[in-house]
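The values are calculated or read from the model by the stated rules, or taken from the named source; none is laboratory data. All of these numbers come straight from a predicted model, not from anything done at the bench. Glycine also receives a Cβ, built like all others from the backbone with ideal geometry; neighbour counts cover every protein chain displayed. Ligands, DNA and RNA are stripped out before the accessible areas are found, and what is left, the full protein with its side chains, is counted by its heavy atoms. Shrake-Rupley method; radii C 1.70, N 1.55, O 1.52, S 1.80 Å.
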Amino acid sequence: MESTLAACREAVEKGADMIEVRFDRMVALPEDLAPFQAFEKPMVATLRTSRQGGGYSGPDAVKLSFLKEAARTGFQYIDLELDFPLLTKAQKELKGAKLIISQHDHHKTPSPSLMVQALVTCAAKGDVAKVAYHATSMEDVLRLTEAAKLYSQTGNQFVAISMGERGSVTRACYENMGAAFTYATLHKERPTAPGQIDLVALRALDGEKVVAGVVGQSLSHSLSAWMHNAAFRSLSLPGLYLKFQMDRHELTAFTELVGELGVRGFNVTIPYKGAIIELLDKVDPEAERIGAVNTVLNTGGDLVGFNTDVYGVQMTFEKAAFDPKGRKVLVVGAGGAARSVLTHLSRSQAEIFLYNRTKAKADELAQTFGGTTVVSKEELTQMEFEAVVNCTPLGMKGYPDELPVDISVLRPGQFVMDTIYNPARTKLVIAAEERGAKAVSGRDMLIYQAMKAFSVWTGILPDYEVMLAGFQEGISR
Ligand code: NAP
């Protein structure tokens, strides 16, 4: 009981407008509810049954009498499930409090018509209708958003939530669906429902907010949220950066969702930097030429694509005081990162050499980026380069810890850039330094591309130091 009261106090301190007490999460139901009268915020009493994903499995009659006591003691809202067998009785006996009539499905999202029907039925039985369904895809999240928007035309108070990580965006942008409020967690590590955003982060979104995030297939190690959220905090901007992990087929629904919910923009990472292009309304000419978009801006429903990786490369070269003009630079790899590096090098009029495991891909890139000579593995060792850039994943955490080129390619006085940033010191960086070269990791490329993306969404270029601190915090976890 004491820890529940402490959590309520913490919620008040962190700025909650209402406080939901999940009595079904307590070890035992408290006998005395009077201590909850100390809170001036509207209080919600919930005793969620296990059928609806909660922790209460006792008799319905006990549940009703407990909730009656909660209403009598001053809880302004009582949450009751639509399928509660004593609902009609409860409606009569819980007259003093407002009823939130809710429906949950922790496994799936129903069809849009069933969702609207559930909202209508919930509303007919109480004061606030609430639906929360687990989303297994962005298509589910889009369907829920559309159903909520349709229902919002009734003007009735309602809450609609997509549960799970994909659905976090319905919590961050709940007003854009017409919902009256949403639920936050006090502690990110212990949400009461999957996908909940922590209260401090949600509270910080008051005002003209910027909700952004990263789209990719596997984002558990992504550092972008650490960097962007650090920038939002340091600038006191009402912003939040989420992770939008999804499979390829979900991209279309996601881009629609961005328009529906007013998401300001998003980053795109492996393997969707190319695939996203056909789903955008406009693409910046440079990003089009590169064939890769890593940053998207939502301008009133139109999605515009940019590539800020090139800026990351440019800044890395500038910081190293290496001007590529007229200098022999070897690029290893022919994927997305190589395209960004080649863009900067060809713009800077470097003499470019390109090596890739699959030669055909290198040939294709050399055609796009003029002034590029494709070289074989054998030729490499007989040539001298003033700079070497690794654009393969060799050396990255989880990949073979190998040098992308023969060690003899690395020479004193050279500038060596690895696009990999995890680990901080790759085998290539270590070997290059040992041979007297100046070597940097891909950390600055990542930070500068993030800074530029942030400025695309907000008009503000954040401090390098702030994003670096976010990066370091993320990588140390
Ligand atoms: P990608 O499009 O998949 O391209 C990967 C390239 O690496 C391809 O050319 C591929 O050769 C080559 N490659 C893959 N495995 C290899 C192996 N075992 N041996 C030799 N070559 C191999 O990937 P990407 O997006 O360009 O990313 C490449 C690296 O850049 C990643 O490590 C990524 O972390 C890094 N990156 C960093 C930043 C940053 O901001 N710092 C940004 C983007 C990417 P084939 O053509 O023969 O398959």
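Of the helices (runs of 4 or more DSSP H) contained entirely in the stretch 248-326, those carrying at least 2 residues that are within 16 Å of the ligand (Cβ to nearest atom) fall at 285-290, 309-319. Here the condition is being surrounded by fewer than 19 Cβ atoms within 10 Å (Cβ to Cβ) and part of a loop (DSSP other than H, G, I, E, B); of GLY474, GLY398, it holds for GLY398 alone. Could you list all residues from the stretch 22-44 that are in contact (Cβ under 8 Å) with a residue 40 or more places away in the chain, outside any loop (DSSP other than H, G, I, E, B) and open to solvent by less than 60 Å² (accessible area, probe 1.4 Å)? If the condition is that a residue be in contact (Cβ under 8 Å) with a residue 40 or more places away in the chain, outside any loop (DSSP other than H, G, I, E, B) and open to solvent by less than 60 Å² (accessible area, probe 1.4 Å), then ARG22, PHE23, VAL44 are the ones that fit. Across the stretch 376-393, the qualifying residues are those that are surrounded by fewer than 21 Cβ atoms within 10 Å (Cβ to Cβ) and within 14 Å of the ligand (Cβ to nearest atom), and the one among them that is farthest from GLU434 (Cα to Cα) is SER376.
Count of the stretch 192-222 residues, restricted to those that are open to solvent by 50 Å² or more (accessible area, probe 1.4 Å) and either aromatic (Phe, Trp, Tyr) or under 15 Å from MET246 (Cα atoms) (or both), is 4. For the stretch 336-352, the candidate set comprises residues that are open to solvent by 10 Å² or more (accessible area, probe 1.4 Å) and in contact with a Lys or Arg (Cβ under 8 Å, 6 or more places away or on another chain); within that set, the residue that is nearest to the ligand (Cβ to nearest atom) is GLY336.
Search the stretch 182-203 for residues that are free of Cβ contacts under 8 Å to residues at least 12 places away in the same chain and pair each with any residue that is β-branched (Val, Ile, Thr) when their beta-carbon atoms are under 6 Å apart and the residues are at least 6 apart or on different chains. Listed by first residue and then by second, the contacts come to PRO191/THR185. Screening PRO238, PRO191 for residues that are in contact with a strand residue (DSSP E or B) (Cβ under 8 Å, 6 or more places away or on another chain) and in the same structural domain as GLU465 (by TED's automatic domain parsing) leaves exactly one candidate, PRO238.
When the stretch 430-447 is filtered for residues that are in a loop (DSSP other than H, G, I, E, B) and either more than 13 Å from the ligand (Cβ to nearest atom) or surrounded by fewer than 20 Cβ atoms within 10 Å (Cβ to Cβ) (or both), the ones remaining, listed by number, are ARG435, GLY436, ALA437.
Looking at LYS361, LYS427, just one residue is away from the ligand (no atom under 12 Å from the Cβ) and open to solvent by 50 Å² or more (accessible area, probe 1.4 Å), and that residue is LYS427. Filtered by the rule that a residue be in contact with a Ser or Thr (Cβ under 6 Å, 6 or more places away or on another chain) and open to solvent by 30 Å² or more (accessible area, probe 1.4 Å), the stretch 46-97 gives SER50, SER57. In summary, helices (runs of 4 or more DSSP H) completely within the stretch 119-216 and bearing 1 or more residues that are at pLDDT 95 or above occur at 138-152, 168-172.
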